[in-house]
Amino acid sequence: MIELIKGDITKITCDAVVNAANSSLLGGGGVDGAIHRAGGPEILEECRKIVARQGSCKTGEAVITTAGKLPAKYVIHTVGPVWNGGNSGEDEKLRSCYINSLNLAIENGCKTVAFPNISTGVYGFPKDRAAKIAVAAVKEALNKSEIKKVLFVCFDDENVKQYRELLTSPTWKF
Ligand code: AR6
């Protein structure tokens, strides 16, 4: 099932919380800053180890760490695309964020996963377009996996509106 929640993703109890990170994996502003602040230094420690082992995280890819003090088991850090007009593969890269994050969640036995609205803050991805990509990718994965629940945690009113419309509309196309 899919659930829409308005609020702060650091307060959500679930198996995995997804972070809209950057490729350095060393933290930043927005939801990334909030997750590291609330989760504590353990998350950054693991991120540093991952970077030392495999280098930075490319756009569209995802890595998994402890969730530290958050009420979740794991944080899945994924790097969304920076919006550059829409002709630089942004749609496909954003889709990859959702798919790769869900695959990591499945590999780690997660049944409930919470997503923020990746790329729709500092990275400037149009919110309506991002919501359609997110919902399509998640619906596809839910149909063929062990994941029981995906929560879309929207922080701003515009994202809430976009997701509410999409999730209640019986037919839509992208
Ligand atoms: N809970 C849920 N959603 C949130 C929260 C929160 N606590 N705080 C903000 N949002 P952004 P991006 C929403 O900018 O666009 C960072 O500096 C916010 O309303 O956090 O992927 C990273 O280090 C927006 O809709 O991520 C990268 O450098 C959404 O989260 C860069 O920003 C995403 O906004 C990534 O940019």
Exercise for the section: Could you state the angle between the C-alpha long axis of helix 30-39 and the longest principal axis of the C-alpha atoms of the chain, as a value from 0 to 90 degrees rounded to the nearest 10? Expected result: 50
Exercise for the section: Place a +1 charge on the Cβ of each Lys and Arg in the chain and a -1 charge on the Cβ of each Asp and Glu, then give the dipole magnitude about the Cα centre in debye, rounded to the nearest 20. Expected result: 220
Handout entry: 13 Å beta-carbon shell around LEU142, net charge (K/R +1, D/E -1)
Key = +2
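Tell me the carbon and sulfur percent of the accessible area for the chain, rounded to whole percent, probe radius 1.4 Å.
51
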Fill in the blank from the handout: Expected sort for 142-152, 76-86 on mean C-beta neighbours within 10 Å, highest first, is 76-86, 142-152
Exercise for the section: List the equivalent ellipsoid semi-axes of the chain in whole Å, largest first, each obtained as the square root of 5λ for an eigenvalue λ of the Cα gyration tensor. Expected result: 23, 18, 15
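With a cut-off of 8 Å between alpha carbons and a minimum separation of six or more residues, what is the relative contact order of the chain in percent?
Working: 341 pairs, mean separation 50.4, N = 174.
Over the chain, the number comes to 29 percent.
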Completion exercise
In degrees rounded to 10, the 0-90 angle between helix 157-168 Cα long axis and the longest Cα principal axis of the chain is 60
Problem - Value at 222 nm in deg cm²/dmol, rounded to 500, when DSSP H runs of n ≥ 4 in the chain each add -39,500 (n - 2.57) - result: -13000 deg cm²/dmol
Handout entry: DSSP beta bridges in region 1-109 [antiparallel fraction, %, rounded to 5]
Key = 40
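Ordered by packing density, taken as the mean number of other Cβ atoms within 10 Å over each peptide's residues, highest first, how do 65-75, 96-106 rank?
On the way: 65-75: 19.8, 96-106: 22.0.
Highest to lowest by the protection proxy: 96-106, 65-75.
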Exercise for the section: Measure nothing fancy, just the Cα-based angle from helix 90-107's long axis to the longest principal axis of the chain, in degrees from 0 to 90, nearest 10. Expected result: 60
Problem - Å² of accessible area per residue within the chain, as computed with a 1.4 Å probe and no ligands counted - result: 48
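Report, in debye and to the nearest 20, how large the dipole of region 1-76 comes out about its Cα centre when Lys and Arg carry +1 and Asp and Glu carry -1 on their Cβ.
Using only the charged Cβ atoms, the result is roughly 120 debye.
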Fill in the blank from the handout: In nanometres, the difference between 0.36 nm per residue of separation and the alpha-carbon distance of MET1 and THR168 is 58.8 nm
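The values are calculated or read from the model by the stated rules, or taken from the named source; none is laboratory data. Since the model is a prediction, treat every value here as computed from it, not as a measurement. Using ideal geometry, Cβ is built from the backbone for each residue, glycine included, and neighbour counts are taken over all protein chains shown. Note: accessible area is taken over every heavy atom of the protein model, side chains too, but ligands, DNA and RNA are not part of it. Shrake-Rupley method; radii C 1.70, N 1.55, O 1.52, S 1.80 Å.
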